1. Quick one: grab the alpha carbon gyration tensor of the stretch 114-201, order the square roots of its eigenvalues as a ≥ b ≥ c, and give me rounded if a/c is under 1.5, else prolate or oblate depending on whether a/b is larger than b/c.
2. Which are the unpartnered cysteines of the chain, meaning those with no other cysteine Cβ under 4.7 Å from their Cβ?
3. Report, by chain and number, residues whose modeled amide H sits under 5 Å from the one on Thr409, excluding near sequence neighbours (fewer than 5 apart, same chain).
4. Let me know the Rg and Dmax you get for the stretch 8-106 when you use only its Cα atoms, in Å.
5. Under a crude label model (7 Å from the Cα following the beta-carbon direction), how far is Ala137 from Gln253 in nanometres?
6. How much space per residue, in cubic angstrom, does the convex hull of the C-alpha atoms of the stretch 136-255 take up?
7. Compute the distance from the alpha-carbon center of the stretch 39-95 to that of the stretch 188-255, in whole Å.
8. Would you tell me the accessible area of Met330, worked out with a 1.4 angstrom probe on the heavy atoms of the protein chains, in Å² to the nearest 10?
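The values are calculated or read from the model by the stated rules, or taken from the named source; none is laboratory data. In this text the structure is predicted, and so the values were computed from the model without any measurement. Here Cβ is always computed from backbone atoms with ideal geometry, including for glycine, and neighbour counts include all displayed protein chains. For accessibility, only protein heavy atoms count, side chains too; no ligands or nucleic acids. Shrake-Rupley method; radii C 1.70, N 1.55, O 1.52, S 1.80 Å.
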Amino acid sequence: MSTSPSYDFIIVGAGSAGCVLADKLTRCGRHKVLLIEAGGTDRRFWIKVPLGYGFTFSDPAVNWRYDAEPDPGLDGRAAYWPRGRVLGGSSSINAMAYVRGLPHDFDDWDTAGATGWGWDTVRQTFDALESNDEYDAHGRWHRRGDGPVRVTDMRDHMHPFTRHFLSAAQDMGWPAMDDMNAAPATPSNTPPGEGLAHVRSTVKNGMRWSSADAFLRPAKSRPNLTIVSNAHVENIVIENGAATGVRYRRGQQKHHARAQREVLLSAGAVNSPQLLQHSGIGPAAVLQRHGIAVHNDLSQVGQGLQDHLAVSHFFWANEPTLNAKLGNWMGQMRAGLTYILTRRGPLAVPVNQCSGFARTAGADQPDVQVYCNPASYSTQASGKPQIDRDNGFLLCVQPCRPTSRGEITIRSANPNDAPLIHPNSLSTPEDRATVLRASHLLQSLAQTPAITRVTRERRDPDIMTMDDDALLENFRTRAGTVFHPTCTCRMGTDATNSVLDARLRVHGTRGLRVVDASAFPNITSGNTNAPTMMLAARAADLILMDQTDNRTSP
Ligand SMILES: Cc1cc2nc3c(=O)[nH]c(=O)nc-3n(C[C@H](O)[C@H](O)[C@H](O)COP(=O)(O)OP(=O)(O)OC[C@H]3O[C@@H](n4cnc5c(N)ncnc54)[C@H](O)[C@@H]3O)c2cc1C
């Protein structure tokens, strides 16, 4: 075992959150920071190409490729859970949709004990993080904001078929929307975020703009930042109730790095609770079962898991969709060449083209995220995408705020063993009711004049033929995760209902915080990358503030 020099802060995981921390904590030059990442370089063709998503989705070189346990709520199916294992983490393999979430999501964080994380505060952090390339009110292309996260309105590059989705939204009575992240014009009877829009994406000049691009690249050359990649942290070192460092393995070599101030876990919603448990912080019964010494009997570590589930329905179209361009060998060659020569064309646009939030019958707030894509495809057994030759499109619904909560626990005392993921989907009556309302909404959308005009045939299983029993069964047998696990080390008021306090400090262990999607008290309504980066940016401010206040322990 080699001992490396000591650092002020050690960050575990260079994902969406870890890259933000690395940048913000090294900026002032006063703190020496070590960033340890299990994966390697993100300089890979299919990471940079927006439509390369389909290839990194199952590539073991950049992906942890987890499998959840059989889930009773999903008809006993065991879902595939991709997670990024590469610089940039899941922001290097995700679908790049940039969605802040809805104001009430964050107000609910505040209510759950994450005091100070309400919408009025966090929106300022979002504003500071972003620069939006978009059209202004006069139709001129401009950049709004000067933050490091580049968010691009890609409507000009999207398939013309998307206009039918926006017409269908009008048929549904949903407000026309330019930007899913914008507040509605006031006065307005519309809840924030309601409506359908072209998706805004973390793409810059036709290439993915991950958290590593936004935050790590500018920080990399600072002398006070050390980045160690291809290194797996096996546990946090706890001495006298405080985190003092980490043990990690790089190849065959074991290392011990010391932290003078704090260890910051940003290993993501699957691996952060796993690492805590391997370090003796978690439910005592689980740790003892695997012979791990208990440093801190913290019952909620790994509990509270929330994720989004979505169901897609496919339709054959009577006019060209993306399938006409990408569903054959010649088209793929042409798209590849166009991309290499111009950074444009179908490969430059992420997979999700239109999305928005809608209210199901009786809901006060938008409670379903809708996705409409001008393409139809399937996933092969190998995990590779297979785009249909014929013209097709898909409509998809995803309940925004499930109430079911699952758990993540270690499988054994071996840190190399994947953890057990129990999503516990659809385990509450509320979630089953929302699935039905969401499915009815999808039936209505499929019947709008705008969609029926372009539908040649509804593909099997045909949602229009389903009654409530069939709709629920359809969801159980066909819905899949959209890869948004959160809340497994959530913030709250105390150790009975949470893992972290509102400054992201682990209850009962000094010098240790968790800063990633696992810290969400509840899942946000939309895609989780933007709120994770926001959380890390605010966390960095709190961490720096606590150093000056000397307030590192709860
Ligand atoms: C396929 C896919 C598609 C998605 N699409 C979207 C989308 O379009 N829009 C959106 O907003 N969100 C999307 N998401 C979700 C979003 O990307 C995540 O919520 C977000 O990236 C989570 O950030 P994080 O920092 O919590 O974790 P991550 O970004 O996953 O970072 C965790 C990092 O820690 C590293 N790590 C873990 N364990 C260890 C260890 N023991 N030692 C060292 N390093 C370790 C990992 O390798 C990883 O780099 C998607 C996710 C996936 C997987």
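1. Verdict is oblate for the stretch 114-201.
2. So, Cys19, Cys28, Cys396, Cys400, Cys487, Cys489.
3. Amide H to amide H, under 5 Å and 5 or more residues apart or across chains, Thr409 pairs with Leu420, His422.
4. Cα radius of gyration and Dmax of the stretch 8-106 are 16.4, 53 Å respectively.
5. 5.9 nm
6. 247 Å³
7. 15 Å
8. 110 Å²
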